[in-house]
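Heads up, the thing below is written out as structure tokens.
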Amino acid sequence: MRIHRHRFRKPKLDIQQYRVNARIKAEQVRVIGAQGEALGIIPTVEAIKLAEAKEMDLVEVSPKAEPPVCKILDYGQFKYQKEKEAKKRKAQSKEIETKGIRLSVRIGTHDLGVRVEQAKKFFEKGDKVQVDLPLRGREKAHKDVAEAVMVQFLEMLKAHYPLRIEQPIKFQNGRMIMVLARS
């Protein structure tokens, strides 16, 4: 089956929609001029004519106010500024991911050390770590051994970082799970 990479659309930025000129539904609006001066409460039709005389747009900036607040400005430039602010906000906000590390009941000490190094890299990036230890067959009868491996892993990590246990060791659907975060 062919994968269509071009069909994936990037999510659009969350930008508030503003009513402009004829789309403003209120009969009267509080108008703010192009330089920020208050022009008072004017009927919408007159406010639109006033904006057109200055070759600008009437934009409803606060629709929930009574009467709605409108501003005379260049809508294209206003929209561009809002998009720029939204992009900046998105770039500054970092989503914390949860990375997974899988252990085994019969894991060797060197392999456990490798998993600790992986977890350290995840913590350096600011991610959380979900430690997962699946139990198969007769291993389910020896949950204490699995828990000892999880505790050993936790102690090895605590030697490097102060940790916060987001979810303590828990047996769930045939596997031991623990979620750790760097404090």
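The values are calculated or read from the model by the stated rules, or taken from the named source; none is laboratory data. The structure presented is a predicted model; accordingly, all values stated were derived computationally and were not measured. When we count neighbours, we look across all protein chains shown, and the Cβ atoms used for this are built from the backbone with ideal geometry, even at glycine.
Residue-by-condition table, conditions (1) under 30 Å from residue 123 (Cα atoms); (2) at pLDDT below 90:
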| residue | (1), (2) |
| --- | --- |
| 12 | yes, yes |
| 15 | no, yes |
| 23 | no, yes |
| 28 | no, no |
| 67 | no, yes |
| 80 | no, no |
| 92 | yes, yes |
| 99 | yes, no |
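Each row is one residue, and each column tells you yes or no for (1) touching a His at 6+ places or on another chain (Cβ under 7 Å); (2) closer than 18 Å to residue 178 by Cα; (3) of a type in the set (Gly, Ala, Ser).
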residue	(1), (2), (3)
109	no, no, no
115	no, yes, no
118	no, yes, no
121	no, yes, no
127	no, yes, no
137	no, no, yes
140	no, yes, no
144	no, yes, no
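One residue stands out in the range 54-72 among those that are within 12 Å of residue 30 (Cβ to Cβ) and of a type in the set (D, E, K, R): the one that is nearest to the chain's Cα centre (by Cα), namely 60.
Quick grid of which residues meet (1) touching a strand residue (DSSP E or B) at 6+ places or on another chain (Cβ under 8 Å); (2) within 30 Å of residue 148 (Cβ to Cβ):
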{"residue": "36", "(1), (2)": "no, no"}
{"residue": "58", "(1), (2)": "yes, no"}
{"residue": "63", "(1), (2)": "yes, no"}
{"residue": "66", "(1), (2)": "no, no"}
{"residue": "73", "(1), (2)": "yes, no"}
{"residue": "105", "(1), (2)": "yes, yes"}
{"residue": "115", "(1), (2)": "yes, yes"}
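Listed by first and then second residue, the pairs linking a residue in the range 99-120 that is farther than 18 Å from residue 169 by Cα to a residue that is among the aliphatic types (A, V, I, L, M) and not in a helix (DSSP H, G or I), with Cβ atoms under 7 Å apart and 6 or more places separating them unless they lie on different chains, are 118/101.
The residue of the range 18-36 that is nearest to the chain's Cα centre (by Cα), among those that are in a loop (DSSP other than H, G, I, E, B) and either within 17 Å of residue 74 (Cβ to Cβ) or not assigned by TED's automatic domain parsing to the domain that holds residue 85 (or both), is 18.
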